[in-house]
1. Suppose each label sits 7 Å from its Cα in the direction of the beta carbon; what would the Glu304-Gln237 distance come out to in nanometres?
2. Express as a percent, rounded to the nearest 5, the fraction of DSSP beta bridges in the chain (both residues included) that run antiparallel.
3. Hey, if you drop one equal point scatterer on each alpha-carbon of the chain and run the Debye formula without solvent, what base-10 log of I(q)/I(0) do you get at q = 0.07 Å⁻¹?
4. At most 10 other C-beta atoms within 10 Å and a DSSP loop state: those are the exposed trypsin sites (Lys or Arg not before Pro) I care about. Give me the longest piece of the chain that has none.
5. How far is helix 3-12 tilted off the main Cα axis of the chain, in degrees rounded to 10, range 0 to 90?
6. Could you tell me which GluC sites (Glu not before Pro) in the stretch 49-128 are loop residues by DSSP with no more than 15 other beta carbons within 10 angstrom of their beta carbon?
7. State which entries of Lys240/Lys333; Lys147/Lys333; Lys147/Lys232; Lys65/Lys97; Lys318/Lys346 exceed 30 angstrom in Cα-Cα distance in the structure shown.
8. Go through the stretch 52-63 residue by residue and turn each phi into a ³J(HN,Hα) via Karplus (6.51, -1.76, 1.60, θ = phi - 60°); whole Hz please, and just put x for glycine and proline.
Amino acid sequence: MKRRQFVAKASLAGTAGAILAGCGGGSSEGGAAAVQTRPRINWRLTSSFPRSLDTIYGAAEVMAKRVSELTDGRFSIRVFPAGELVPYNQVLETVQKGTVQMGHSASYYFTGLNPALAFDCTVPFGLNCRQYNAWMYYGDGLELTRKMFADFNIVNFPGGNTGVQMGGWFRHQVETLADFRGLKMRIPGFGGQVMAELGVNVQVLAGGEIYPALERGVIDAAEWSGPYDDEKLGFYQIAKNYYYPGWWEPGPGLSFYINKDSWAELPADYQAAIASASAEANIDMIAAYDAKNPVALAKLTGTEGVNLRPFSAEVMAKSQEIAFDLLSAEAAKDPAYRAIYDSYNKWRIASNAWLNTAENTYATFAFNRGT
Ligand code: CA
């Protein structure tokens, strides 16, 4: 046709994309009038996080607000906290079925469905936030994770990061490997597997159950996230030793999940709005944590009398050895896992060598000055 004339008209009218791509609600209408008519679309997003964790939960709201602005209010995504539509650990399956069009979650919750989903989030001694973003956007990360998510009828976008987490709250000091034997600690996932190898009695408790368990002495230690989120849960009132770093979560990436059929029905410019808004939420979350964590940490170590303690070199080295053994054993079992593991690992080693040069030398000097 006419496609060229149509393109010209469309860009003159200041709208483009969707109708040209031949999809979307306006496509049945002809001529210039259709260019003005953008479809009204209402989606729901189910988050794996409660409203009270405003930074991590808030990333979905940042994304949804920007999508609405970019589409002149025509594409609305309503965000629901964990538990309101489905529990936190059913987000993937719910989006897969299309009951809800979109989700926001941490993919390591779903390693029971595919162990390699951990790489979409984090693994012990893995990539930090910057390394993860580089792997996702400029390495094979997005392509490889999209391949995994295709099996679940999902398109994924990076959607936030906490940065390196803290190692958690301990009633008593843990300096040597022997101190970990028999310790009752709340730590889920892969980190828990490594801790179990260290002799820890691993407990998996939901957020709300941790404080009473610590208080009653059912557990000796618990990890959650970082100072800003941890402070809200009040662990510092019971366990005063705050260890770091959380080597099991060196830069957990959160993800937006979109049902593939719902995605295919979107006009191309609405798809672009989601892509842009997700990237914005991705950077917004780490910026928010980097702004809020220093304030919370200063309060915890100041008025609340918390003792900051680094894990010893002995504990770090042994934990890394165990983690790497577990990862390579998993890779030996499954070629699909191996493909993503190899890409991730290669990226980690090359990136570490670079970040250890200027970045780490600068950080080691400047962060320690105290002024
Ligand atoms: Ca954690």
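1. 1.1 nm
2. For the chain, the DSSP antiparallel bridge percentage is about 45.
3. With one equal scatterer per Cα and no solvent, log10 I(q)/I(0) is -0.35.
4. By the stated rule (loop sites, at most 10 other Cβ atoms within 10 Å), 3-215.
5. 70 degrees
6. Answer by residue number: Glu84.
7. Long pairs (Cα-Cα over 30 Å): Lys240/Lys333; Lys147/Lys232.
8. Once rounded to whole Hz, the list reads 4, 7, 4, 6, 6, 5, x, 4, 5, 6, 4, 4.
Throughout, read-outs are computed from the coordinates displayed, never taken from laboratory work. Every value quoted in this text rests on a predicted model; they were computed, and no experiment measured them. Every residue, glycine as well, gets a Cβ built from its backbone with ideal geometry; the counts of neighbours run over all protein chains shown.
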